[in-house]
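Peer 1: Can you read through this structure? Questions will come right after.
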Amino acid sequence: MARQGFNIRKQTGFSQIAIACFVMLYMPIILLVVYSFNAGTSIAIWEGFSWRWYVSAWANDQVQEATVRSLIIAVWASAIATTVAVLAALATTRTPKFKGQTAVFAMINQPLMVPEIVTAVALLIFFAMIKVATGYTGLLYLIVAHSAFCIPFAYLPIRARLQGMDLSLEQAAADLYASPFKVFTRITLPQLWPGIAAGAMLAFVISLDDVVITEFVKSAGQDTLPTYMLGQLRRVMTPEINAISTVLLAISVTMVIAFTVLTKVRN
């Protein structure tokens, strides 16, 4: 009789533990969405269905200003991070192995390995020195900080896409005397775009949802949507925060689904 392999799903209590984990993970999110439609002001007592808090959030000037600022930062950060990630991915996958390649990979992914609070404090000190020297306190600091933090999130799917691509077409183009730039634009880029789009969307979501780095780096009057919500939580909690959170959740889920689809394109 053949010996059966180990199957975690057949272990005693697996189903119960899995269900408990899913309940703990998703029940708070479900309640958040449900109570965003609460007609009353309580976040824990249901008083009827209403779009009141979505209308309130839409008409709130502070929410509008914070949303626009968040989108500006996220768009610029994702664009910069994706551009740098593409160059880094090409340098680590389309060049012969060199001494220190592992160290380079670790440096690129440093924001993933170091606690975010450490990165935030380091950026706070660094940018404070620049602010004192230049007197500039604009959004550029937040854009640079978010870009640096988002690079590894864009880099990993792009690098994975490059590693999974067939090199024969690139080699054939090079044999036909195509320049490296032409090989990239005509051969590599058309195959790489799903990875680039996936990395850009992932960087966008990370930037849009970031609180810790934003809270440390931003100057007065530069609240993003997440930091605005954090400030409101410190004052008074209303279902308006639930409504804003639900919209952010919908955006994030949409982007993650698109990211998943794109990473499977031509695989």
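Peer 1: Considering only region 210-243, state which residues are among the aliphatic types (A, V, I, L, M), assigned to a helix (DSSP H, G or I) and at pLDDT below 85.
Peer 2: Leu233
Peer 1: Determine which member of the set Ile244, Ile213 is in contact with a His (Cβ under 9 Å, 6 or more places away or on another chain), among the β-branched types (Val, Ile, Thr), touching a residue at least 24 places away in the same chain (Cβ under 8 Å) and surrounded by 13 or more Cβ atoms within 10 Å (Cβ to Cβ).
Peer 2: On inspection, the qualifying residue turns out to be Ile213.
Peer 1: Now for a separate question. If a residue has to be touching a helix residue (DSSP H, G or I) at 6+ places or on another chain (Cβ under 6 Å) and either at pLDDT below 85 or of a type in the set (D, E, K, R) (or both) to count, how many in region 244-257 make the cut?
Peer 2: Count: 2.
Peer 1: Val256: β-branched (Val, Ile, Thr), more than 27 Å from Ala122 (Cα to Cα) and either touching a Ser or Thr at 6+ places or on another chain (Cβ under 7 Å) or in a helix (DSSP H, G or I) (or both), yes or no?
Peer 2: Taking the combined requirement at face value, the residue satisfies it.
Peer 1: A further question follows. Hey, can you tell me all the residues within region 18-39 that are in contact (Cβ under 8 Å) with a residue 24 or more places away in the chain, in a helix (DSSP H, G or I) and either polar (S, T, N, Q) or loosely packed, with under 14 Cβ neighbours inside 10 Å (or both)?
Peer 2: Selection gives Ile29 alone.
Peer 1: Moving on. What number of residues in region 64-87 are under 15 Å from Gln222 (Cβ atoms), surrounded by 20 or more Cβ atoms within 10 Å (Cβ to Cβ) and either modelled with pLDDT under 90 or out of contact with any Phe, Trp or Tyr (no Cβ under 7 Å at 6 or more places or on another chain) (or both)?
Peer 2: 5
Peer 1: Next up: Go through (1) farther than 27 Å from Val34 by Cβ; (2) touching a residue at least 24 places away in the same chain (Cβ under 8 Å) and name the single condition Ala174 misses.
Peer 2: (2)
Peer 1: Among the residues of region 88-101, count how many are in contact with a Ser or Thr (Cβ under 9 Å, 6 or more places away or on another chain) and either in a loop (DSSP other than H, G, I, E, B) or exposed (fewer than 13 other Cβ atoms within 10 Å of the Cβ) (or both).
Peer 2: Summing the residues that are in contact with a Ser or Thr (Cβ under 9 Å, 6 or more places away or on another chain) and either in a loop (DSSP other than H, G, I, E, B) or exposed (fewer than 13 other Cβ atoms within 10 Å of the Cβ) (or both) in region 88-101 gives 1.
Peer 1: Out of Ser42, Ser15, report the one residue that is modelled with pLDDT under 85, surrounded by 10 or more Cβ atoms within 10 Å (Cβ to Cβ), more than 23 Å from the chain's Cα centre (by Cα) and not in a helix (DSSP H, G or I).
Peer 2: Ser42
Peer 1: Something else: Do we have Pro239 as touching a strand residue (DSSP E or B) at 6+ places or on another chain (Cβ under 6 Å) and either surrounded by 13 or more Cβ atoms within 10 Å (Cβ to Cβ) or of a type in the set (Asp, Glu) (or both) here?
Peer 2: yes
Peer 1: Which one is nearest to Val144 (Cα to Cα), of the residues in region 102-117 that are in contact (Cβ under 8 Å) with a residue 40 or more places away in the chain and part of a helix (DSSP H, G or I)?
Peer 2: Pro111
Peer 1: Still on this structure, please answer the following. Of all residues in region 132-159, how many are in contact (Cβ under 8 Å) with a residue 24 or more places away in the chain, farther than 13 Å from Gln110 by Cβ, part of a helix (DSSP H, G or I) and not hydrophobic (A, V, I, L, M, F, W, C)?
Peer 2: Within region 132-159, residues that are in contact (Cβ under 8 Å) with a residue 24 or more places away in the chain, farther than 13 Å from Gln110 by Cβ, part of a helix (DSSP H, G or I) and not hydrophobic (A, V, I, L, M, F, W, C) number 5.
Peer 1: Looking for something more than 25 Å from Val217 (Cα to Cα) and within 17 Å of the chain's Cα centre (by Cα) - is there at least one such residue anywhere in region 165-173?
Peer 2: Looking through region 165-173, none of the residues is more than 25 Å from Val217 (Cα to Cα) and within 17 Å of the chain's Cα centre (by Cα).
The values are calculated or read from the model by the stated rules, or taken from the named source; none is laboratory data. Model, not experiment: these values are computed from the prediction. We place every Cβ from the backbone using ideal geometry, glycine too, and count neighbours over all the protein chains shown.
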